[in-house]
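Shown next, in structure tokens, is the structure this report addresses.
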Amino acid sequence: MKLSVEICGVKFNNPVIAASGTFGFGREYDELYDISAAGGVSTKGLTPERREGNPVPRIAEGKSVILNAVGLQNPGVEEFIKNDLGWLSGKTRVIANVAGRTLEDYEGMCTRLDGLVDMIELNISCPNVRAGGMALGIKPENVEEVTRLCRGALRKTPLIVKLSPNVESIAANAQAAQRGGADCISLINTLTGMVIDIERRRPVLANNTGGVSGAGIMPIALRMVFEAAHAVSIPVIGMGGITCGRDAIAFMMAGARAVQVGTANFTDSYAIPRIVRETEEWLEAHGISDVNEIVDTLQLN
């Protein structure tokens, strides 16, 4: 059985990647299982300097979803390079998820990480940071601008652009990323939502709104992955509500070359090795010897 996939010249042992913001830098999960079971890890969102994140409460529950407004709490890129990168790269493929407040932040992060990680994922679409570069992910012209700048800063490392679902046209933004020189796109990032404590008559989150993720968003994510995959010629990594192997298969049928698993890691600490196993079992049951054979095989009614 062949589970390996190749994206932009980078070979992943399997198509199931840990999504940014749900897996830290892998150390905690590695205490439970060998994280080499994951195809790769997209790191916690990195910023040029250390960030403490938003005030608490930063997590809220909805029906079949969670909302987060963590606010990119992270140690900063230099601490990551010093303390985590060497350990993580010895385990699995490393995708550095980078965020910033300005175009210069993004450019500088890409320059610093070029050649040190397997891929870089531009986080231009986080909905729970109050100000700054996250607005770059909304309009196609801004997506193209930041992508072009970062692509120009990279000499060795492929560039993934992570797209926001909170836009007028996901296809238009996917095409903008491709025009800007993206080697790959990933989607979807979280939707923007709110949960209200009706006794207090206030939002549950201190940030008022947050990013919605979890099983409940999967139909939206699947539709957007399908639309984006058929609007561009570059590879697509799909995510949004994946909880089992069958979900991963659905995203790949919609056109994704690989998937990222996020919120499921919170409800099942062993979600990633389980999803890898379930994907392999589904392929075996259907007489498919290579996971790549299912990519973009959806037949519309």
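The values are calculated or read from the model by the stated rules, or taken from the named source; none is laboratory data. Keep in mind that this is a model prediction, so the values were computed, not measured. Every residue, glycine among them, receives a Cβ derived from its backbone with ideal geometry; neighbour counts consider all protein chains shown. Heads up: the accessible areas ignore ligands, DNA and RNA and are worked out on the full protein's heavy atoms, side chains in. Shrake-Rupley method; radii C 1.70, N 1.55, O 1.52, S 1.80 Å.
Values computed for the structure shown
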quantity: DSSP beta bridge pairing in the chain, given as percent antiparallel to the nearest 5; calculated: 35 percent
quantity: Relative contact order computed over the chain (Cα-Cα under 8 Å; 6+ residues apart), in percent; calculated: 19 percent
quantity: Carbon plus sulfur fraction of accessible area for the range 69-194, probe 1.4 Å, in percent; calculated: 47 percent
quantity: Descending Cα extents along the principal axes, the range 154-224, whole Å; calculated: 53, 26, 21
quantity: Charge dipole magnitude, Cβ of K and R +1, D and E -1 - the range 123-264, Cα centre, debye nearest 20; calculated: 280 debye
quantity: Spatial separation of Cα centroids for the range 71-95 and the range 227-264, in angstrom; calculated: 24 Å
quantity: Extent along principal axes [Cα atoms of the range 156-301; Å; largest to smallest]; calculated: 55, 40, 37
quantity: Surface/4 of the Cα convex hull for the range 40-194, nm²; calculated: 9.1 nm²
quantity: DSSP-loop trypsin sites (Lys or Arg not before Pro) across the range 143-229, with at most 15 other Cβ within 10 angstrom; calculated: Arg155, Lys156, Arg200, Arg201
quantity: Solvent exposure of the range 1-46 as accessible area per residue, Å², 1.4 Å probe; calculated: 35 Å²
quantity: Mean residue ellipticity (222 nm) of the chain, computed from DSSP H runs ≥ 4 via -39,500 (n - 2.57), nearest 500; calculated: -8000 deg cm²/dmol
quantity: Binned Cα-Cα distances of the chain, short to long, each 20 Å bin given as a whole percent; calculated: 37, 59, 4
quantity: The range 19-61-the range 153-193 distance, computed between alpha-carbon centres (Å); calculated: 21 Å
quantity: Whole-Å semi-axes of the ellipsoid equivalent to the range 176-262 (Cα gyration tensor, √5λ, descending); calculated: 29, 16, 9
quantity: Total formal charge among the other residues, if their Cβ is under 11 angstrom from that of Thr92, Lys/Arg +1 and Asp/Glu -1; calculated: -1
